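I have placed the structure first, in the form of structure tokens, so that the comments after it can refer back to it.
The values are calculated or read from the model by the stated rules, or taken from the named source; none is laboratory data. Remember, predicted model here, so these are calculated numbers, not experimental data. Areas reflect the complete protein model, heavy atoms only, side chains present, ligands, DNA and RNA absent. Shrake-Rupley method; radii C 1.70, N 1.55, O 1.52, S 1.80 Å.
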Amino acid sequence: MLFLLLTLGSAFCFAIGNILEKSGISNTAKKVSLKIPLQFCKFILQNFHWWAGILFSAIATIGYYIAMAKYDLSLVQPMMVLNPVLTALFGFWILKEHLTKKIILAILCVLSGLLLSSKNMAENTGTQDLSALWLFTLLIVTLILIFRKFHKDLEASDSLIIGAGFGLSAAFYKSLAMDFMLDHVTFSMIPELLIDFRTLAYIALYGTAFLYSQIAFTRGRALYIIPFSAAIGAVLPILAGAFVFGENFPPSKIISVSLVLLGSFLFVAKRPRKKSLQNELKAP
């Protein structure tokens, strides 16, 4: 019951927070350009929707981190994919957006995977390999830098950075939680936590992801950014659970995780193709 409360509650709050943050940033971007950062920050800090979104996201983060400290990453992360599911449903219900067949299929895949994973709930099977954690992070960061250099689509690269930042920070938090019992933090633990390189890596990764999420909302579509970043943010901790933390992966968990990840990637909307100048000239 606690597992569902922490994970489902967090996914719900993340979805609400994303919608409110996007709304606040979009309204602010209409008044002042991001190219004037100080003035943009001044306006965004005066926006009620943005602050409400931050509050919902903060509540979601607390529940999410408690869940990560108590349970396997490969169980917690698929539940977070409910974020784009709920975002799509809220968009249909509140914003009157159209639910395509692809999105309906994505929702069914995610829900089927989560139902199948119910038999593994409340597991905490992992150990950890710190050298594997740093190598895994270095590999992912290198791949992102290569992608960003050769892929000019800012919406896609922003989403990738957001997802990787949040996903890798989750892996570092899990590592710290296993050594420091972060669900029962004491004042005597704080100095040791602050000098741990994993804490610095967590702050750098989470801070970068948060910064890019705010920038991405000013120049991209929320219904593209949120699902894409959520998919990447789910894949990386699950991979870390397998290769860094040695979590158990019975066949039922492999199938359920695969369904959830398939559904999360189905949420990613394709950008409409722009007509070429030649096609425009041929048009009547």
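Just a few scattered comments:
- Equivalent ellipsoid, segment 1-108 (semi-axes from 5 times Cα gyration tensor eigenvalues, Å): 28, 20, 10
- The heavy atoms of L200 present about 90 square angstrom of accessible area, all protein chains included, probe 1.4 Å.
- Per residue, the convex hull spanned by the Cα atoms of segment 13-72 measures out at 85 cubic angstrom.
- 3J(HN,Hα) along segment 193-205, derived from phi through the Karplus expression 6.51 cos²θ - 1.76 cosθ + 1.60 where θ = phi - 60°, amounts to 5, 5, 9, 7, 4, 5, 5, 5, 5, 4, 4, 5, 5 Hz, with x in place of Gly and Pro.
- Sequence of R198, R148 when ordered by accessible area, the most exposed leading, probe 1.4 angstrom: R148, R198
- Mean-position separation - Cα centroids, segment 1-59 and segment 183-260, in angstrom: 19
- Coupling constants for segment 127-141 follow from the phi torsions by the Karplus curve (6.51 cos²θ - 1.76 cosθ + 1.60, θ = phi - 60°), and in residue order they are 10, 8, 10, 5, 5, 5, 4, 5, 5, 4, 5, 4, 5, 5, 4 Hz; glycine and proline get x.
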